[in-house]
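Taken together, the values in this text are just the output of simple stated rules run on the coordinates, not laboratory data. What you see is a predicted model, and the numbers here were worked out from it, not measured in a lab. FYI the Cβ positions are ideal-geometry reconstructions off the backbone, even for glycines, and counts take in every protein chain you see.
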Amino acid sequence: MTGQFTSGVAPVVADLSADVREQAEGGLGGVFGLIRQGEIPSDLVGPLVDTAKRSFVDGLGLAATVAAVIVAGASVVVYRYLPSDRNRPQVSDEPEPTGTRDLTDAVAAD
């Protein structure tokens, strides 16, 4: 996420001093802190804020996508490799099913 943010903000702050550039590329809080301190020239404030917000959302979207892929992969692994005991009477707390023969006899008796 930080890499996505840095790559988005870097072109806007390329002409600023190294310290200011480093703080601005560090995160959204750094950008707003620099603006509050007056470290950003007034003609760059608007474009920098817009770019910083867009880069933050893009990074967040990328992080969410990566997380979703990891969770989906983990669910496939769990489904495939972990044993399922849901049909065992000891786990489901249901009595063992009776044989088909017993069920047929019970229906025939009615």
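Structure summary
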quantity: Phi-based couplings in Hz for region 39-47 (Karplus 6.51, -1.76, 1.60; Gly and Pro marked x); calculated: 7, 9, x, 4, 6, 9, 4, x, x
quantity: Cut-off 14 Å between beta-carbons: net charge of the residues surrounding Phe32, Lys and Arg +1, Asp and Glu -1; calculated: -1
quantity: Region 13-23 - phi-based ³J(HN,Hα) in whole Hz, Karplus 6.51/-1.76/1.60, Gly and Pro as x; calculated: 9, 4, 8, 8, 5, 4, 5, 5, 4, 4, 5
quantity: Estimated FRET transfer efficiency (Val76, Thr2; beta-carbon r; R0 25 Å; 0.05); calculated: 0.30
quantity: Difference of contour (0.36 nm per residue) and Cα-Cα distance, Asp19 to Gln90; calculated: 19.1 nm
